[in-house]
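*Asks:* First, the structure itself, so that you have it in front of you.
The values are calculated or read from the model by the stated rules, or taken from the named source; none is laboratory data. Nothing here was measured: the structure is a model prediction, and the numbers come from that model. Using ideal geometry, Cβ is built from the backbone for each residue, glycine included, and neighbour counts are taken over all protein chains shown.
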Amino acid sequence: MPRTFLSNLYPLEAEWSVRGSNASTGGLSRSAEQLCERLAEGGDSTKSRGSSTLSRKSNKSGGTWGSISRVFARQKKRAALDASLYDGNGSDKRASWSPSSSLCVSPLTEESYSEKLRLLEEAQHIPLERWKAPTVLAWLEVTLGMPHYGAMCAENVRSGKVLLELSDSELEAGLGISHPMHRKKLRLAIEELREPRLSRFPRISALGHTWVSSEWLPDLGLPHYCDSFANNLVDGRLLEALTKKELEKHLGVHRKFHQASIIHGVHLLRIVRFDRQILAERRRQSEHIDCDPIVWTNLRWVKWARSIDLAEYADNLKDSGVHGALVVLETSFTADTMATALGIPQSKNIIRRHLATELESLVNPARQQLDEQARFAKLERRRQEKLAAGGSLGRSFSRSYGTGLEKADKDKRRASLRFHMFTFALLVYAFGVTECILGMFVGYTQ
């Protein structure tokens, strides 16, 4: 199993926003309170950022983002964002699939949580089909952060072998998972545990849904989708398998520009092989130096805009969906797109030319480097395909051995023909053509 099996313990990363008036802290176990308190401070700052974004957008009647959306595709009409996503007031009566609401009603105690951690520690080197019911339950509740399905799991899933054999319809009937994204999340996790060694991205299990909603989306400049992603429990595996249809239908991402922003953000995760430590290190190295723009966060681009004397427009980039992977990987993203995002008027030709010069000097080398890496990867892939087409060692050896025998036989025939021709030439030289032909005729008749 992957080394990161225990690094993705969702109750240890409680949801980024905790609705204070809805959750009765008096009814929490001491363990759950400790788990929720760790992110309470971070939740306040994130919610205030979301509120400021919402108020800023409400003051603009259309803004600059309509034109940016038209750069990629025609913008679809959609309902305004629900302000209750950010204020966390007590009037929000919607059912929540979020980890925090599930955690707060979960019967986890400090003792039971420690026991589940112990079971998971023991199961690290045990195949899923040999897991017993308590280990399966601990994995579902703690590792996947889905404790609201724990009761039906304990009742209907008696072993890891049973879990492996469940179809999607049986997951819905046996565990009560009617939510399609939750069901897909569980299915992807099961398939990864079925053959851990075949996983393309060994570190992907460390990207939990709390990290996705509280860190990854704000880094893209899309904090207004945090609540939707958290409710759908979108983790690293779901991001890797995410489709445009799911973005629109289940996650409420209808604007084409925002869809492109998320898709290129996932592409960047693939480039770093879903290892957030690598991503964090590259961002740290480029924090104070204008290099490696593909990993830049939304706020890093705001900082860059200020550094090139565009402080007047820099704040317009905040929460806009502009980030490094979008700027570098999206070929249709140009200096005009960035100028529109910054809110620079069309009449400011000198400022726009200055922006184009600075942006091209930063982005073009990064795109060229990516092209070179893509060409090298393509050549390497072709080489591997040729090796694979050669077949197994046995077939290659038999083929080469047979070819060698055939070649040796041809060489032997050629040598014999050359010998007879040389002998005939000597006879002609010694006795003349007539005598040689007569001698051959006599020898033939005898």
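*Asks:* Going by the conditions given, is D275 within 17 Å of D219 (Cβ to Cβ), assigned by TED's automatic domain parsing to the domain that holds I263 and touching a helix residue (DSSP H, G or I) at 6+ places or on another chain (Cβ under 6 Å)?
*Replies:* no
*Asks:* Does R276 satisfy the criteria of being within 19 Å of R237 (Cα to Cα), in contact with a Phe, Trp or Tyr (Cβ under 8 Å, 6 or more places away or on another chain), surrounded by fewer than 21 Cβ atoms within 10 Å (Cβ to Cβ) and of a type outside the set (A, V, I, L, M)?
*Replies:* yes
*Asks:* I need the full set of residues from region 231-281 which are of a type in the set (A, V, I, L, M) and not in a helix (DSSP H, G or I), in order please.
*Replies:* Of everything in region 231-281, those that are of a type in the set (A, V, I, L, M) and not in a helix (DSSP H, G or I) turn out to be L233, V234, A241, L242, L251, V253, V272.
*Asks:* Out of all the residues in region 307-314, is one or more touching an Asp or Glu at 6+ places or on another chain (Cβ under 8 Å), in a helix (DSSP H, G or I) and assigned by TED's automatic domain parsing to the domain that holds A260?
*Replies:* yes
*Asks:* State which residue pairs qualify: first residue modelled with pLDDT under 70 and among the small types (G, A, S) and inside region 99-126, second residue surrounded by 13 or more Cβ atoms within 10 Å (Cβ to Cβ) and assigned to a helix (DSSP H, G or I) in any location, beta carbons under 7 Å apart, and separation of 6 or more residues or different chains.
*Replies:* That search, which allows pairs on different chains as well, returns S100/C36; S102/P147; S102/H148; S106/A32; S106/P147.
*Asks:* Specify the residue that is farthest from R306 (Cα to Cα); the eligible residues are those in region 342-371 that are surrounded by fewer than 17 Cβ atoms within 10 Å (Cβ to Cβ) and among the hydrophobic types (A, V, I, L, M, F, W, C).
*Replies:* Out of the qualifying residues, it is L370.
*Asks:* Moving on. Mind checking which residues of region 137-178 are assigned to a loop (DSSP other than H, G, I, E, B), touching a residue at least 40 places away in the same chain (Cβ under 8 Å) and farther than 14 Å from I190 by Cβ?
*Replies:* G145
*Asks:* Please work out which one of (1) in contact with a His (Cβ under 9 Å, 6 or more places away or on another chain); (2) in a helix (DSSP H, G or I) is the condition P134 fails and give its number.
*Replies:* (1)
*Asks:* Against the definition (at pLDDT 95 or above and not acidic (D, E)), how does T143 come out, yes or no?
*Replies:* no
*Asks:* Further question: If I filter region 191-239 down to residues being under 13 Å from V266 (Cβ atoms) and of a type in the set (D, E, K, R), which single residue comes out as surrounded by the most Cβ atoms within 10 Å (Cβ to Cβ)?
*Replies:* Top of the filtered list is D235.
*Asks:* Might you check whether a residue that is of a type outside the set (F, W, Y), touching a residue at least 12 places away in the same chain (Cβ under 8 Å) and assigned to a loop (DSSP other than H, G, I, E, B) occurs anywhere in region 359-382?
*Replies:* no
*Asks:* So which of L193, L268, L222, L217 ends up being outside the structural domain of Q373 (by TED's automatic domain parsing), under 14 Å from the mean Cα position of the chain (by Cα) and touching a residue at least 12 places away in the same chain (Cβ under 8 Å)?
*Replies:* On inspection, the qualifying residue turns out to be L217.
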